[in-house]
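Data first, discussion second: the structure below is written as structure tokens.
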Amino acid sequence: MPSKLTDQKFESIISSIENIEHYINGEFVPAYSNSSFANINPFTNQKINSVAEGREEDIKKAAAAAKEAYKNGPWGKMKVSERMKYLYRIADIIDQEIERIAVLEALDTGLPVSQTKNQTARSAENFRFYARMAESRLHGEAYQADGEFINYTIYKPVGVVGLITPWNAPFMLETWKVAPALAAGNTVILKPAELSPLSAHILAQVIDKAGLPKGVLNVVHGHGETAGAALVANPDVNAISFTGETSTGTVILKNAADTLKRTSMELGGKSPLIIFEDCEFERALDAAVWGIFSFNGERCTANSRVFVHKKVKDRFIDELKRRVTNIKIGDPMDTETELGPLINKVHFNKVNSYIELAKKEGCEVIQGTVPSEAKAGNFVPPTVLLHARNDMKVCQEEIFGPVMAVIEFEDEQEVIAAANDVKYGLAGYVWTNDIKRGHRVAQAVDAGMIWLNAQNVRDLRTPFGGTKASGIGREGGHYALLEFYSEPKVIHVAMSDHHIPQFGK
Ligand code: NAD
């Protein structure tokens, strides 16, 4: 990719954008009601295109197609190796289209294109990873019982699964759910976020090109309260995998109870990053800055609370001030850009209102500067809240923007208690060169995932997810493939004339 996309190249990708329809039963179709909504570019606040607005009728149609494909189509009956060929093919098509997907995702979300490109590469890997895992791990166990029985398990698909995804890393998060769902043999209805529909549309095109049997993957666009809620309520949908805000997760859990659905909840976070005085300072600084300002701060695992030991606090703040003014803010299409605009005006206003609140709560606010040519976009500059205390609202609530609160601490027990004094428990980061302390603190912080002397690097085999208000269940590795998208089934086989109770003889 060139350092700045040439106008011509950009134009050719942009001119490929069409109005978006649903993808149901192997066909692109308009909304049942024929209504649509506008998709807005966060950099210009101009309309990109129109998107079919799905509601209950569209979900019903998709659920019927997915059910038919599950019950009577070839997908479930196929050999695993045959099914996995489709997943490898999807990965290859994504690789071929990587530039188009990365550019359209940046256009749609405001995420810098260099970052969406990495995410697109990871999306292809999601399919390869789950294809390999299904081939090697989609098997049960046998339990011998004293020569009387052999009891064995097999893994069956769950059936029709509904996937509901957010806008903050749409293509990667969609594929992170679609890949294990398909690998396990389910059929799928994806309801992508209404604020970022472009790459979900491309995913439907990729699936179409890969030639999946009709009805195996369906995409219904629309708003959460209508299309999303109808998916959750539909009796033919057996499971819902959701990623989004904690408050939305609570509503979905309640609504899913009516039809007793299996659910997976990947929710919000307010993750601590703890810098002890003996750490490798420059590396900790790099990780802290990247962890909150990459992805425009719209990252569930962002280190929005940074606890810094008193002895290194002044140095840390001096360095932070320099970094914050150096971060390159601008056009998401420029490969040099490090921070782009937030997803929409509503979110921009929300993040800014937290910055105003921080001032009222007593923080000193340090910010970078948005260049004048970017003023039309929803830019919040990189922001640091100094003199923060953990009990402030800005340290307790998820802001989901490029805003880092810096909190001073003096001792280990104090910082563990403060790190845990929050409703969320998604991720945490610990920086120290004292190996015993590193493990102690990593084990004591309430979170589903801790990185010790590292930024958020992923190993796709490991469990991904949070505790407390950050979620229920885990994605990643066999946790998704076997524990969520598959049903274990046990078959008890008698091998002898074992005793049977004699009733009514
Ligand atoms: P959101 O909850 O507003 O929306 C997420 C999805 O839910 C969208 O597709 C939306 O249309 C749908 N939805 C909304 N109301 C619904 C309802 N009543 N029924 C069914 N569906 C409904 O979240 P968002 O603003 O798109 O995403 C940001 C949030 O996602 C942040 O809180 C972030 O921390 C979280 N997130 C978590 C993870 C994780 O893995 N834990 C990853 C990424 C993002």
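The values are calculated or read from the model by the stated rules, or taken from the named source; none is laboratory data. Just so you know, these numbers come straight off a predicted model, no measurement behind them. Note that we place each Cβ from the backbone using ideal geometry, even for glycine, and neighbour counts take in every protein chain shown. Ligands, DNA and RNA are excluded from the accessible area calculation, which covers all protein heavy atoms including side chains. Shrake-Rupley method; radii C 1.70, N 1.55, O 1.52, S 1.80 Å.
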- Here the residues within the range 271-294 that are within 14 Å of the ligand (Cβ to nearest atom) and crowded, with 24+ Cβ neighbours inside 10 Å are Ser271, Gly291, Ile292
- Query: When you go through (1) touching a helix residue (DSSP H, G or I) at 6+ places or on another chain (Cβ under 7 Å); (2) in a helix (DSSP H, G or I); (3) open to solvent by 20 Å² or more (accessible area, probe 1.4 Å) one by one for Glu414, which number turns out not to apply?
  - Reply: (1)
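This table checks each residue for (1) within 16 Å of the ligand (Cβ to nearest atom); (2) more than 23 Å from Asn19 (Cβ to Cβ); (3) buried (at least 22 other Cβ atoms within 10 Å of the Cβ); (4) not polar (S, T, N, Q).
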{"residue": "Met133", "(1), (2), (3), (4)": "no, yes, yes, yes"}
{"residue": "Gly140", "(1), (2), (3), (4)": "no, yes, no, yes"}
{"residue": "Glu148", "(1), (2), (3), (4)": "no, yes, no, yes"}
{"residue": "Thr153", "(1), (2), (3), (4)": "no, yes, no, no"}
{"residue": "Ala179", "(1), (2), (3), (4)": "yes, yes, yes, yes"}
- Note on the structure: Among residues of the range 367-395 being touching a helix residue (DSSP H, G or I) at 6+ places or on another chain (Cβ under 7 Å), open to solvent by less than 40 Å² (accessible area, probe 1.4 Å) and not in a loop (DSSP other than H, G, I, E, B), the residue farthest from Phe295 (Cα to Cα) is Leu386
- Task: Sort out which residues of the range 468-505 are more than 30 Å from Asp146 (Cα to Cα), open to solvent by 50 Å² or more (accessible area, probe 1.4 Å) and either modelled with pLDDT under 95 or of a type in the set (D, E, K, R) (or both), and write them in order of number.
- Result: Lys468, Arg474
- Message: Anything in the range 396-407 that is surrounded by 17 or more Cβ atoms within 10 Å (Cβ to Cβ) and not in a loop (DSSP other than H, G, I, E, B)? List them, or say none.
- Response: Val403, Met404, Ala405, Val406, Ile407
- Query: Of Lys350, Lys328, which residue is within 16 Å of the ligand (Cβ to nearest atom) and either over 23 Å from Ile275 (Cβ atoms) or open to solvent by less than 20 Å² (accessible area, probe 1.4 Å) (or both)?
  - Reply: Lys350
- Item | Count of residues meeting criterion [assigned to a loop (DSSP other than H, G, I, E, B) and acidic (Asp, Glu)] in the range 310-362 | 4
- Query: Which of the residues that make up the range 51-73 are more than 21 Å from Ala239 (Cα to Cα) and either over 26 Å from the mean Cα position of the chain (by Cα) or in a loop (DSSP other than H, G, I, E, B) (or both)?
  - Reply: Glu53
- Residue list for the range 453-467, filter: surrounded by fewer than 17 Cβ atoms within 10 Å (Cβ to Cβ) and part of a strand (DSSP E or B): Thr467
- Item | Pairs with Cβ under 9 Å, 6+ apart, first in the range 204-230 and under 19 Å from Ala31 (Cβ atoms) and among the hydroxyl-bearing types (Ser, Thr, Tyr), second assigned to a helix (DSSP H, G or I) and open to solvent by 10 Å² or more (accessible area, probe 1.4 Å) | Thr226/Glu56
- Message: Filter the range 327-349 down to the residues that are without any contact (Cβ under 8 Å) to a residue 12 or more places away in the chain and closer than 17 Å to Met404 by Cβ and list them by number.
- Response: none
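Yes or no, residue by residue, for (1) assigned by TED's automatic domain parsing to the domain that holds Asp95; (2) out of contact with any strand residue (DSSP E or B) (no Cβ under 9 Å at 6 or more places or on another chain); (3) surrounded by 24 or more Cβ atoms within 10 Å (Cβ to Cβ):
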residue	(1), (2), (3)
Pro157	yes, no, no
Val160	yes, no, yes
Ile164	yes, no, yes
Trp167	yes, yes, no
Met172	yes, yes, no
Trp176	yes, no, yes
Pro192	yes, no, yes
Val220	yes, no, yes
- Residues of the range 223-260 that turn out to be of a type in the set (A, V, I, L, M), within 9 Å of the ligand (Cβ to nearest atom) and either part of a loop (DSSP other than H, G, I, E, B) or open to solvent by 60 Å² or more (accessible area, probe 1.4 Å) (or both), as a count: 1
- Message: I'm checking my understanding of the structure. Among residues of the range 187-222 that are part of a strand (DSSP E or B) and within 11 Å of the ligand (Cβ to nearest atom), which one is nearest to Asn39 (Cα to Cα)?
- Response: Lys191
- Query: Applying the selection to the range 417-443, what residues are part of a helix (DSSP H, G or I) and either within 16 Å of the ligand (Cβ to nearest atom) or surrounded by fewer than 22 Cβ atoms within 10 Å (Cβ to Cβ) (or both)?
  - Reply: Ala417, Ala418, Asn420, Ile435, Lys436, Arg437, Gly438, His439, Arg440, Ala442, Gln443
